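Chemist: My structure is below; once you've seen it, I'll send some questions.
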Amino acid sequence: MAEGSVQHTALSLLDHLPVLVVLIPFLAAPLVVLIGRNWLAWPLAFMAALGSFIVSVMLLAKVRGGEVLSYHMGGWAPPLGIEYRIDTANAFVLLIVSAIAVVILPYARASVRVELPDRHVPLFYALFLLAFTGLLGVAATGDAFNLFVFLEISSLSTYVLIALGGYRDKRALTAAFNYLIMGTIGATFFIIGIGFLYMATGTLNMADLAARIAELPDNRTIHAGFAFIVVGIGLKVAIYPLHLWLPNAYTYAPSAISAFIAATATKVAVYVLMRFLFSVFQPDFGFVAETLQYIVMPFALLGMFAASFIAIFQNDFKKMLAYSSIAQIGYMLLGISLMSETGLTAAIVHLFNHAITKATLFMVVGAYVLRSGGSFYRSLEGMGKTMPWTSAAAIVGGLSLIGVPGTAGFISKWVLVQAALEQDMWWIALLVVASSLLAVIYVWRGVEVVFMKQPADDVDRRPAPLMMIIPIWIMAGACVYFGLATDVTLGAARDAAQGLMAGPGPLLLGGH
Amino acid sequence: MTEFTLSFIVGHMNYWLFTLLMMTGLYIVVDKGNLVKKIVGLNMFQTAVFMLYISMGKVTGGTAPIFPTDMNIDPEAVYSNPLPHVLILTAIVVGIATTSLGLALIVRIREEYHTIEEALIQKIELEKATREIREFGETMGGPE
Amino acid sequence: MRHHLILRVVTKLLVGMIMLFALYVQFHGDYSPGGGFQAGVIMAVAFILYGLVFSVGQVQQVLPVWLVHKLVALGVLIYAGTGVYSMLTGYAFLDYAALSPHHPSHGQHWGILLVEAGVGITVTAVMVAIHYAFVGRAPLISDEEW
Amino acid sequence: MRSLFAVAMLSGAFSLLSALLFVTLDAVDVAFTEAAVGAGISTVLMLGTMALTARFERHASHSPALPLFVVTLTGAAIIYGTLDMPNFGDPAAPVHQHVAPEYFERSPHEIGVPNVVTGILASYRGYDTMGETAVVFSAGVGVMLLLSGLRRRKRKGDPDEDTQNKGGKA
């Protein structure tokens, strides 16, 4: 430890946890490129993801008691410098993202080997790590502009990762291009919004912003800034009418990438939306409440039904899952728009539950694609017989998607219904149940194809490789486990919701 | 409510002009079918946003935020706000990164589709989708 | 462009000047406008110009593709590595005071120099890599479209 | 404007003009970057893309109603937001009252670098700049991934053909 004449207390490793969670994969990405060896790329990426995961578990354990960690980049106290601010809400999101990455990487190893040429392997993992880093950085940061920078790290790498699906189907390229255009418009809207807030307040730190916005309730610049931030992030979230980039991007991306972004990217965007709605702006502001009530809620409901309907009529398993994702985002937004602690708890717990559910299902489809060459229902006929283990996981994931008791999906819907009933909005509770019935239909279609049909004669009858089945079953197991043992997820989600509802904390100048 | 005095209008004209420029860029992105033009529009949209940022940092009578080299700072000197400059430097870099990626994607799209017109690409994709539905569709009632 | 004698001579003269200017922008960024990013772009322009007028093959003798790939990563690592160093010495991430604990503002100087160097290396390498990637593609364009 | 060549040139000119505007707004660093990037690199890239794709725009025949609606709505929202903005150049604006003055006060003795922009960019907000480097890095890696390997070889049936179809025909 360096002892200087200038007073300075040395930080211990524990103090560095908030930045370490992002830094580990951040460092691993250039290392993978620098080393450039195919066989080393995967172990490095996996170790980095595992490191982040361990750190995020420690972080969550640390902040569960309601403590808020503040880490000052470069030693500069906010609002001058950039701050990482960890409370239960983002510790939980960090945990979701890193856990998904840890499980998906072994799966990716098996699927990338088949889907991509060998010479691309190191760069692929570098980009995967960058996308992962970006998502973690977005979740951890307490600075509005820094959020934009990390959002762009993850977006840019995600565009390329999706375009790599072009080796299987050229439509991945146009899907990536459309996502690039829409994502960049969204990001630009977001900086317009940040610019407006900055103009009205003179600061970029979220906690500082919140304190200053509270003093300016009727400022039209802030109102417009709010609108731009919501629309900009809404494009990333894929709120129903802004979802156009999503179906093709999920469908044509490489299998591991579909699973990863479906489980994490939109979830992190939902978190950002929550952070801005509740921590930067406060719901007791008239304009925030009105936006939630008259804009977000109707579109959430519309999305739940419209996207589910479209999902029913798909012929492609992956596209069906993509549309179902849009519908599920509707549930999260619905929870947010109820503006109550229970509603927010439902949204956060659904973040987690839907992430593991969709990760399971997309990994299952990826395993199917590996053997059948396509994700059309026709080419998946009879997979239940040739790939029994994988298909059993599909059943678990499907049940969780519907929200059958005993699975993770049930918990979030149950809390959501409770939240609606709390406010005597029984019609919303009914709509949630009704849209779950639509989920029954589209999941049943998939199950019917996989189990009720005979496999074609020329089909590859080998089961999926073990490297795929294990991650799939870890996720499927999680769907069941977290459907029965709810204290961890529900507890963390409730703490996170309480933290968010309590509004922004004071500016922490004394932290590290 | 705001009073539209002359000083208000003159003082806000810059924002409105940049808004006009921004919307021109956005219109090109949304309306034009040529992929290269979309990227150009995106650039224009972003550059106009940068102008908006930079213009909010300007102080009347101020100069560029660079101290004299000997660091003898004149306490009377007025400097423009450096923070928007810093943000926009970052944003420009992000912008060029996006542009280069978009152009690389266009090159790949052109190689696969032999066109960079959105309308033609959509036509090709529609044909492909129709072919697929003919081949893979109707799983439900199809022959076993 | 084998026959453009003037172009070739002028390029040979210019490339050195451009590189020199890039270095000036890189290391004078503390005092005047400029810094790692601008310097990186200018440095890359020197290589790109040489490649356009002569041939990519000739540039790649100086700056082979594999080296560019390594440099792309190296710059990021220099930047992040500076931060990691300050963490290891007990300071916050990217706290340049760690580079000179007894005189923090000297540390700041060193730190800024280091990270700007990292930015410069990555930007140069990325721009050159993008140029290589574009040039390495065989045009599929049909004649009637030109 | 059907000729994409002209479009690329004009967009370069646009960048150059905006760089001039940035100079008049005291943002010399930004002007430098915009000139190098907008008028330099991105024009070169655009020309490079055209060499590999097409030089002319084909046809455009669809109703501009929806784009116009979107654009008007967005523009209206921005104009609405500007109504409460301070006048251009107003020294009493919030942006000049909070945070920014502190940089001027503290940076001479904390950083000691004459260019305040560099000081903030590399130190106070150095983490953003690290992120920015990562963005450039990911764009570089992305372009390498997308455009690596000669396409020409593939035409004559090279080993890549296999990987191309490995995933099946979906």
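Chemist: Among the residues of the range B:70-77, is there at least one that is surrounded by fewer than 24 Cβ atoms within 10 Å (Cβ to Cβ) and within 7 Å of chain D (Cβ to nearest Cβ)?
Modeler: Checked against the condition, which is being surrounded by fewer than 24 Cβ atoms within 10 Å (Cβ to Cβ) and within 7 Å of chain D (Cβ to nearest Cβ), the range B:70-77 yields at least one hit.
Chemist: Can you pull out every residue in the range A:420-442 that is under 22 Å from the mean Cα position of the chain (by Cα) and of a type in the set (Val, Ile, Thr)?
Modeler: A:432
Chemist: To continue, here is another question. Considering only residues that are buried (at least 24 other Cβ atoms within 10 Å of the Cβ) and more than 7 Å from chain A (Cβ to nearest Cβ), look in the range C:97-117 and name the one that is farthest from the chain's Cα centre (by Cα).
Modeler: The residue in question is C:108.
Chemist: Do you know which residues across the range A:377-419 are over 24 Å from the mean Cα position of the chain (by Cα), among the aliphatic types (A, V, I, L, M) and surrounded by fewer than 24 Cβ atoms within 10 Å (Cβ to Cβ)?
Modeler: A:392
Chemist: Does the range D:11-19 contain at least one residue that is without any contact (Cβ under 8 Å) to a residue 12 or more places away in the chain and closer than 17 Å to residue B:48 by Cα?
Modeler: Yes - at least one qualifying residue is present in the range D:11-19.
Chemist: Oh, and also: Scan (1) under 30 Å from residue A:376 (Cβ atoms); (2) free of Cβ contacts under 8 Å to residues at least 60 places away in the same chain; (3) at the interface with chain D (Cβ under 8 Å from one of its Cβ atoms) for the single condition residue B:81 breaks and write down its number.
Modeler: Unmet condition: (1).
Chemist: Which residues, counting only those in the range A:234-279, are of a type in the set (Val, Ile, Thr) and either without any contact (Cβ under 8 Å) to a residue 40 or more places away in the chain or closer than 12 Å to residue A:100 by Cα (or both)?
Modeler: A:257, A:261, A:264
Chemist: What's the total number of residues in the range D:111-146 that are more than 30 Å from residue C:133 (Cβ to Cβ), free of Cβ contacts under 8 Å to residues at least 12 places away in the same chain and at the interface with chain A (Cβ under 9 Å from one of its Cβ atoms)?
Modeler: So the count comes out to 1.
Chemist: Just the residues that are of a type in the set (D, E, K, R) and more than 16 Å from residue A:20 (Cα to Cα), please, taken from the range A:53-111.
Modeler: Matches in the range A:53-111: A:64, A:67, A:109.
Chemist: Just checking, which of A:99, A:61, A:108 is aliphatic (A, V, I, L, M), under 24 Å from the mean Cα position of the chain (by Cα) and modelled with pLDDT of 95 or more?
Modeler: Criteria check complete, one pass: A:99.
Chemist: Quick one: which residue in B:59, B:107, B:86 is touching a helix residue (DSSP H, G or I) at 6+ places or on another chain (Cβ under 9 Å) and either among the aromatic types (Phe, Trp, Tyr) or more than 30 Å from residue A:155 (Cα to Cα) (or both)?
Modeler: B:59
Chemist: Name the residues in the range B:4-49 that are aromatic (Phe, Trp, Tyr), more than 7 Å from chain D (Cβ to nearest Cβ) and in contact (Cβ under 8 Å) with a residue 12 or more places away in the chain, would you?
Modeler: Answer for the range B:4-49, where residues must be aromatic (Phe, Trp, Tyr), more than 7 Å from chain D (Cβ to nearest Cβ) and in contact (Cβ under 8 Å) with a residue 12 or more places away in the chain: B:18, B:45.
Chemist: In the range D:22-73, how many residues are among the hydrophobic types (A, V, I, L, M, F, W, C) and in a loop (DSSP other than H, G, I, E, B)?
Modeler: Result for the range D:22-73: 4.
Chemist: Follow-up question, since we're still on this one. Inspect all residues belonging to the range D:27-35 and state whether any of them is touching a helix residue (DSSP H, G or I) at 6+ places or on another chain (Cβ under 6 Å), crowded, with 21+ Cβ neighbours inside 10 Å and over 30 Å from residue B:67 (Cα atoms).
Modeler: For the range D:27-35, residues touching a helix residue (DSSP H, G or I) at 6+ places or on another chain (Cβ under 6 Å), crowded, with 21+ Cβ neighbours inside 10 Å and over 30 Å from residue B:67 (Cα atoms): absent.
Chemist: Within the range C:34-60, count every residue that is more than 11 Å from the chain's Cα centre (by Cα), surrounded by 19 or more Cβ atoms within 10 Å (Cβ to Cβ), facing chain D (nearest Cβ under 9 Å) and in a helix (DSSP H, G or I).
Modeler: Of the residues in that region, 1 qualify.
One line per residue, one yes/no per condition, for (1) at the interface with chain D (Cβ under 9 Å from one of its Cβ atoms); (2) under 22 Å from residue B:28 (Cα atoms); (3) out of contact with any Leu (no Cβ under 6 Å at 6 or more places or on another chain); (4) touching a residue at least 60 places away in the same chain (Cβ under 8 Å):
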site: A:162; (1), (2), (3), (4): no, no, yes, yes
site: A:183; (1), (2), (3), (4): no, yes, yes, yes
site: A:204; (1), (2), (3), (4): yes, no, yes, yes
site: A:224; (1), (2), (3), (4): yes, no, yes, no
site: A:230; (1), (2), (3), (4): no, no, yes, yes
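Chemist: For the range A:266-311, which positions are among the charged types (D, E, K, R) and either more than 19 Å from the chain's Cα centre (by Cα) or surrounded by fewer than 24 Cβ atoms within 10 Å (Cβ to Cβ) (or both)?
Modeler: The answer is A:284, A:290.
Chemist: May I ask you to list the residues in the range D:33-62 that are over 14 Å from the mean Cα position of the chain (by Cα) and farther than 20 Å from residue D:3 by Cβ?
Modeler: Selection gives D:62 alone.
Chemist: Conditions first: (1) hydroxyl-bearing (Ser, Thr, Tyr); (2) modelled with pLDDT of 90 or more; (3) under 17 Å from the mean Cα position of the chain (by Cα). Residue A:188 passes all but one, so which condition is the exception?
Modeler: Every condition holds for residue A:188 apart from (3).
Chemist: Sticking with this one: If residue A:74 passes every condition in (1) without any contact (Cβ under 8 Å) to a residue 24 or more places away in the chain; (2) touching a Leu at 6+ places or on another chain (Cβ under 6 Å); (3) more than 9 Å from every other protein chain (Cβ to nearest Cβ) but one, which one does it miss?
Modeler: The failed condition is (3).
Chemist: In the range B:97-122, which residues are surrounded by fewer than 19 Cβ atoms within 10 Å (Cβ to Cβ) and either within 14 Å of the chain's Cα centre (by Cα) or on the phi > 0 side of the Ramachandran plot (or both)?
Modeler: Result: B:114, single match.
Chemist: Shifting gears a bit: Looking at the range A:4-21, which of the residues that are modelled with pLDDT of 85 or more and closer than 18 Å to residue D:126 by Cβ is surrounded by the most Cβ atoms within 10 Å (Cβ to Cβ)?
Modeler: This residue is A:18.
The values are calculated or read from the model by the stated rules, or taken from the named source; none is laboratory data. Note that the structure is predicted; figures quoted are calculated from it, not measured. Glycine also receives a Cβ, built like all others from the backbone with ideal geometry; neighbour counts cover every protein chain displayed.
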